[in-house]
Structures are given as C-alpha cells and as structure tokens.
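The values are calculated or read from the model by the stated rules, or taken from the named source; none is laboratory data. Computed from a predicted model, the values in this text were never measured in an experiment. Cβ: placed from backbone, ideal geometry, glycine included. Neighbour counts: every protein chain shown.
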Amino acid sequence: MVTRFEAIQGDITTVDADVIVNAANSSLMGGGGVDGAIHRAGGPAIRAECKVIVARQGRLHTGQAVITTAGDLPARHVVHTVGPIWGNVTEDEAVQLLASCYRNSLDLSREAGAESVAFPSISTGVYRFPKALAARTAVGAVTEWAALVPRPVEKVTFVSFGPEDLDLYQQLLGAE
C-alpha cells in the first residue's frame, strides 16, 4: 500500500479522519491554539482520558505521544504529542524531537487501526518553531515513516490554519 499525502487549509477539529493529532502541552490539559481548540470541540471526554494518562505516567515528554478518544469530534481518536519549544534545545535536537512527534503519532495511529491521520503544524505557534523548517521536518518524517513501515496508514493530511503554511506543505508535497 502506498500512503497518499495531501495538504489542506482549514480547522483540524472539523476534519473527518480516523485520527487527528493535537499539538499538546506536556500537561495534556488543553491550552491555546490547536490544543485548546481540540479540547473545546471534543468535549470533556478527551480531558478525562488525559487526566488518567497523566495520573498514570506523569507529564508527557517532548517528542512522545499518547492516544485518547476524540469525544465529540468527527475523528475516532486524538493523538496528543508535545513538540519542542524553539530555542530550548539546539536546532538539531529540535528537528529530531519534532520528527519524533510525527513518527510516534503515526505509530499510535497505526496501532489503533487508523487508515487516515490529520496533522496540524506542530510547534509553529507559541512554541515558535520556524514554519518552513517545521514543514520540511514534518513531510520528511512522515514520508520516511510511510516508506519504512509495513502496512502504513492510507492517507496523511497536513491541515494548515493559514495560506502561508498551506503553500509550504503544497510545495513540499509537490516535490515528492
């Protein structure tokens, strides 16, 4: 099977995918940006599961991911992953951690039986990761994962909030 890739502009909370990925903070309790929007739109079930996860294993470390219900969202599951904060580690470490967010999210999605996964642009909001570098890292990590993993997911969608991000992803995917 070959994974199909697409980039769209929109609101990730309305995307009809088996899994949507949340650019979460380490507490998993919601926050601003994508994280807050997913928690608000998904309702209390997501937060309840996140509380159980944090009680069991503690805060989520950068690059790691966990999966929960999607609550009231059209998706079946939400994968929560914590991206790196730009400037807190070296550029190389930040790129490696961001790539881990995408790979770990895909691994959990595949384990859950997902055929489609939608990603926001992780770490590019308040975490200040440069958008072009984040897009290159995301597309590189996802395409490499899909090429190496037996039975990868069928479709990966990069959901951009604005036209600038969409253009970055479309250019990268067009070059694949």
Take region 123-176 and flag every residue that is of a type in the set (Asp, Glu) and surrounded by 21 or more Cβ atoms within 10 Å (Cβ to Cβ). ASP165
Report whether or not ASP107 is under 14 Å from the mean Cα position of the chain (by Cα) and assigned to a helix (DSSP H, G or I). yes
Do the conditions hold for ALA146, that is, is it more than 24 Å from THR90 (Cα to Cα), at pLDDT 95 or above and assigned to a helix (DSSP H, G or I)? yes
Enumeration of residues in region 36-62 that are in a helix (DSSP H, G or I), under 17 Å from the mean Cα position of the chain (by Cα) and farther than 19 Å from ARG76 by Cβ: GLY36
Contacts under 8 angstrom Cβ, first residue in region 127-143 being without any contact (Cβ under 8 Å) to a residue 40 or more places away in the chain and part of a helix (DSSP H, G or I), partner hydroxyl-bearing (Ser, Thr, Tyr) and crowded, with 22+ Cβ neighbours inside 10 Å, 6 or more apart: LYS131/SER121; LYS131/THR124; ALA134/SER121; ALA134/SER123; ALA134/THR124; ALA135/SER121; ALA135/TYR169
